């Protein structure tokens, strides 16, 4: 619309672990933009005691943080309202996936960033690959750590540019040993989790693949000054190419549904495919389930909606038949179902449903997905 304010642009500096240099590179660009005459401020910066990174903030205006008293402790968060009042051209925002203190207007920092972009402010930000929602299960399998602060994949896909800041695992471990990344006590703890060389190699590979994918779904206009103008691949209208693939995910009350939703969504994004998540119940309001099951199912459906997956409840007595009928009516090509565990095989969504879906859906690809591993820490 003619009266709508122009959207700001988002540039993400992506890494695979702390210490690869994301924040340093972000601040380098901020300094360069300032040299070119742009109005640049720091909205949020987390120094982690890294002197070379702190030095890159010299001469850049910093917006004071907002102090929040929560349960007797004072926390400092980015002051989004103060940035909006200041209205810079460019704002530097460290730690994109951060969760805000409860009680603020927005629960996540990426939502604060969306507010800034909506006001026409360009944003430079940082994140690591382990915070991408669709990779949550793979990160758990690689590291044994269940990452709690994540961003939905669609948020990254809306970014105008994603740049990977790379460093070999051996070089990163050398930085850790020299005390550049963390002080000695914290460095030792890091070596027990993310900073094992085999783990870093796997995380780096994920980051490289994701960056390649992000480049693939964008078209770069190299004539744009300051921020590179990036739009999805497609025709002159800027619309992404439509895929013949359509993905359907069966959602149940079981915890494995969260894993299945992430897996299905990730495949859908790679195929540029439409994605649906459905639950099947005897009643549309799921009253046939007991309260804990109903709450779990509704939680999974809302999780799917937050990832921009179309989610709905189908009414039917026969789970497999209802699911496959919906799939055929909607041109589904890939159907994702969680593999039941031993104790689930006699339950309503267990072995009989999986086998019946496989029997009925011979004209589509049925993916029976196992939920690997059960170990987890939290981050």
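Between residue 302 and residue 32, what is 0.36 nm times their sequence separation minus the Cα-Cα distance? Round to one decimal in nm.
93.0 nm
For the chain, take the longest principal axis of its alpha carbons; what is the angle in degrees between that and the long axis of helix 351-360, to the nearest 10 within 0 to 90?
Roughly 80 degrees, rounded to the nearest 10.
Output the 0 to 90 degree angle, nearest 10, between the alpha-carbon long axis of helix 291-306 and the longest principal axis computed from the alpha carbons of the chain.
It is inclined by approximately 50 degrees.
Arranged from highest to lowest average of other beta-carbon atoms within 10 Å per residue, in what order do the peptides 250-257, 57-64 appear?
250-257, 57-64
Using per-residue counts of other Cβ atoms within 10 Å, averaged over each peptide, order 173-179, 272-278 from highest down.
Ranked by mean Cβ neighbours within 10 Å, highest first: 272-278, 173-179.
Modelled label-to-label distance, residue 359 and residue 174, 7 Å Cα→beta-carbon offset: nm?
That separation, rounded to one decimal, is 6.2 nm.
Pull up the DSSP beta bridges for the chain and report the antiparallel fraction as a percent, rounded to 5.
20
Explain nothing, just the number: relative contact order of segment 262-331, from Cα pairs under 8 Å at least 6 residues apart, as a whole percent.
Normalised by residue count, the contact order of segment 262-331 is 38 percent.
Once fully extended, how much extra length lies between residue 186 and residue 65, figured as 0.36 nm per residue of separation less the alpha-carbon to alpha-carbon distance?
Stretched fully, the residue 186-residue 65 segment lengthens by 41.0 nm.
Give the value in nm², to one decimal: projected area of the alpha carbon convex hull of the chain, averaged over all directions.
Value for the chain: 22.0 nm².
Over the chain, what is the relative contact order in percent, taking alpha-carbon pairs closer than 8 angstrom and at least six residues apart?
Over the chain, the number comes to 16 percent.
Would you mind ranking 270, 182 so that the residue whose beta carbon has the fewest other beta carbons within 10 Å leads the list?
270, 182
What whole number of Å gives the distance from the Cα centroid of segment 270-300 to the Cα centroid of segment 71-117?
Result: 33 Å between the Cα centres.
With both partners inside segment 2-106, how many of the DSSP beta bridges are antiparallel, as a percent to the nearest 5?
So the antiparallel bridges in segment 2-106 amount to around 45 percent.
With axes computed from alpha carbons, what is the tilt in degrees of helix 197-216 against the longest principal axis of the chain, rounded to the nearest 10 within 0 to 90?
The angle comes out near 90 degrees.
Bear in mind these aren't lab numbers, they're just calculated from the coordinates by the rules spelled out. Model, not experiment: these values are computed from the prediction. When we count neighbours, we look across all protein chains shown, and the Cβ atoms used for this are built from the backbone with ideal geometry, even at glycine.
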